[in-house]
Structure formats: structure tokens, C-alpha cells
Amino acid sequence: MSGISYANSGVHASSGFSFQRNCALFWYLENFQQFANKKFFLCLEHHDDFLFCFYNDRDELEMVESFQAKQSGNKWGLTSEMIDIVLKILKSGEALIQDPMPKTQGYFHSLNLITNNSIVFSVKIGKSNTQISINEANCSQTFDSMHDDLKNKIISDVQSIDQNAPVSELSNLLFRFCDLPRTQKKQKEQLIGSFVNLFRNSVVDPVAAVDTLLALFQDVELVLNQGRNPKLLDSSKRIDYLKFNAAIDVITSQQKAYELWRKKGDLLAKSLQITISERKDFELELQNCFDYFKDPSFIEHCAILEFVKTNATILSQFVTDEECIDFLLQIFKASRSSQLLEIQQKAAIVAAYIEVRG
């Protein structure tokens, strides 16, 4: 790899990625409504630990929320380590301004230091002692809202390291407390709890749901930034809103399939002639179909989904689900050929029916 430099990414960063990844998903779940009906993409290890970037129909950036995610076993103070982190964050803000991706006239960004431990800043001038705490009771604090003594202390400390530091970016700086435990196991449990609180009974397996969302990160977390200037236009470092939405659709569709099979499994098995020994295979195929429908490489499954969509008017001709599904299967087999196994065709017809029925 001689002759090539890398920024913010790669195998050397992978060991510290779990908290950043979990923190990014935590932020997404906690602010789910903010992301609804908006175009955005998530960047990982790109300018900063993670960024949520919102853009318009002309692919112009409207807003970026940039995060430096730090896990710590100790409380944070105004130490040299903290000042180093702040300086890095300010330079990330400067890099965002210089990033070549087109921006709207009203573009703005926030620069967030987010951590799962308390932050306590204090400064003593003469007999006056000024202190703020960012913790469970006070989850966020902007730089601009701090006491002037604290702001001046931070500015002075930053400039003592780098006289050319972009201190104007301090107005975009926020310190945030993230209520995530210290261990990966406990963090995962917290994410599962957040998912349950958000989706309630619309998801049958919240553990698998969280795993599905975390899996979105795997393709980009170790993609190397070639050169010293990461660019938001680099699609290889993005997870866009369409992928998030598709994942949520799969998760909720699987729940609908589970509910239908739980309530009418015997009737469907009888109607579709699924034997007792075939049931487990059918259930697995049924759950997988919703993933296959989102992947154009699964041509046969996508063709069945399109077939059911084309014949959606049939849904108004039947009283029961099993009768409608059986009829769809029969006319599909009579009019189309498929390379799928019989059990796969049946599962795909049921899954497509669930997708179209909504």
C-alpha cells in the first residue's frame, strides 16, 4: 500500500468501530421521525466517525449532522485529550465546507461530540468557578450556550495547539450524552429495547431486526478512503435512505408473514398442499422472500412479486386469504414457467400477496 494514504478508515479503525456503529444506529432509532420522508445518507468513517447527510431533489446538501463518537470509562473534563478531540471536530467542520458536494444556499451543519459518559467542564477565574455537566439530566450542550469563561478557555486551549484552528466552527459544536452502556453486549440490548419501543408489536424478532440494520454498515465500514480528502460524493462510503427504508420494509413484512402464518398456517398448508415435513422449509423460504424481493439478482422471486402486483385486482374477488393465495398460485403456474422449486414458488406467492395486500 505504499504511495497511498488513507483517512478515517480501514482495518486499523475496525477495532473501535463497534461503539461508533452502535451509536449511529442508536441516533437513527432515537430520531426515527426526523428521518421519515427525507432524503439522507449515512457516511461511516468519512470526515468523521459518522455523518447523517440530508439532501434535496437536486442532490444538494441541505444539512449534515457530523458525529465524533467516544466511549469512555471515565468522566470527561477539559483535558488535553478533550481539546485534541475538539480540534479534530473543528477541522472536520472545515472539511465539510470545502467538500465538493453541491450545497443549498441555506446549508448548515452541526458538529457533535457524543459519548456514553458524563462530561464536566469547569474553569476557575479568581474566586469565580464556572461549571457545566452533560449527562442523563442534561443530554446536550451547545458551545454557544456556555458561559463566556468556559468558551474562552476552550478557544485558548485549541489555539495553543493550532494557531490556525478554525475556531469559527465552534458555533456549530455540540456536546452530547448518549445513553448507551459500556459493553457491546449491553449496547446491543439497549438497541433492541429502542427498536421495541419504536415499533412495538410490528416486529416479531427485534434481535434479528437490529442485526439486519447493523448489517447495512458492513459494506462500508472498512472501505478505505484513498487520499487525504474524503468526499461525500463517494457512494462507496454511503448508506442511503432507500437501503434503510428497504430494511425496515423487510422487517415489517416479515412480521406480517409471521402473523398470517400463525393465524392461518393450517388453512394455508392445506390449501397449498404443504406437508408437515415441508413446513419448516416453507417458513424459512417465506421469511427470506422479502429480502429477495429487494434484490434484482433474484430474478424469479422478483418476477413473482411483479406477477401478483399485476393481478392485484384478484384480491377483491375472494373472501379469505387462503382462497386468494391458492388462486394466484394456480394462475401463475398455468401462465408462467419458473425455475424455483415448488416450495419456493408457494412461499414467494404468499410473500408477494402479503406485500401487495399491505
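Give the cross-link partners of Lys70 among the lysines, using a straight C-alpha distance below 19 Å as the criterion and excluding same-chain residues fewer than 8 apart.
Cα-Cα hits under 19 Å: Lys88, Lys91, Lys185, Lys186, Lys188.
In what sequence, highest mean first, do 146-155, 122-131 appear when ranked by Cβ atoms within 10 angstrom?
146-155, 122-131
Taking only C-alpha pairs under 8 Å that are 6+ residues apart, what is the relative contact order of the stretch 241-358 in percent?
So the answer I get is 35 percent.
Picking from Gln163, Ile132, Met101, whose Cα lies most toward the positive end of the charge dipole for the stretch 11-233 (charges on Cβ: Lys, Arg +1; Asp, Glu -1)?
Ile132
Given springs between every Cα pair under 10 Å in a Gaussian network model of the chain, which of Ser160, Ser194, Ser316 has the largest fluctuation?
Highest fluctuation of the listed residues: Ser316.
Take every Cα pair under 8 Å in the stretch 14-136 that's 6+ residues apart, average their separations, divide by the length, and report that relative contact order as a whole percent.
Values: 168 pairs, mean separation 28.3, N = 123.
Over the stretch 14-136, the number comes to 23 percent.
Along the principal axes of its C-alpha atoms, what lengths does the chain span, in descending order and rounded to whole Å?
Its Cα atoms span 86, 42, 40 Å along the three principal axes.
With only Lys, Arg, Asp and Glu charged, each at its Cβ (+1 for the first two, -1 for the last two), find how big the charge dipole of the stretch 202-358 is about the Cα centre; round to the nearest 20 debye.
Computed charge dipole of the stretch 202-358: roughly 320 debye.
Against the longest alpha carbon principal axis of the chain, how many degrees, from 0 to 90 and to the nearest 10, is the axis of helix 279-293 turned?
60
Which lysines have a Cα lying under 23 Å from the Cα of Lys346, excluding residues fewer than 8 positions away in the same chain?
Excluding near neighbours in sequence, the set is Lys256, Lys263, Lys264, Lys270, Lys280, Lys294, Lys309, Lys333.
Over the Cα atoms of the stretch 250-357, each weighted equally, I'd like the Debye log10 I(q)/I(0) at q = 0.13 Å⁻¹, rounded to two decimals.
For the requested q values the scattering log ratios are -0.40.
Taking the highest mean first, how do the peptides 36-48, 53-65 order by number of other beta carbon atoms within 10 angstrom per residue?
36-48, 53-65
Identify, among Ala269, Ser316, Phe290, the residue whose Cα sits farthest towards the positive end of the charge dipole of the stretch 250-357, taking +1 on the Cβ of Lys and Arg and -1 on the Cβ of Asp and Glu, with the dipole about the Cα centre.
Ser316
If the chain between Ala334 and Asp149 were fully stretched, how many nm would it gain, using 0.36 nm times the residue separation less the Cα-Cα distance?
Full extension of this stretch gives 58.7 nm more.
Relative contact order for the chain using alpha-carbon pairs under 8 Å, separation at least 6, rounded to a whole percent?
18
Hey, got the dipole for the stretch 133-259? About the Cα centre, +1 on K and R Cβ, -1 on D and E Cβ, debye to the nearest 20? Intermediate values should be presented prior to the final figure.
Values: 14 positive and 17 negative charges, 50 e Å.
My answer is approximately 240 debye.
Could you work out how far apart the two model spin labels at Ile132 and Ser160 are, taking each label as a point 7 Å from the Cα in the direction of the beta carbon, and quote it in nm?
2.0
We did not get these values from a lab; they are worked out from the coordinates using the rules stated. Note that the coordinates shown come from a computational prediction; the quantities given were computed from them, not determined experimentally. A quick note on method: Cβ atoms are made from the backbone with ideal geometry, for glycine too, and the neighbour counts reach across all protein chains shown.
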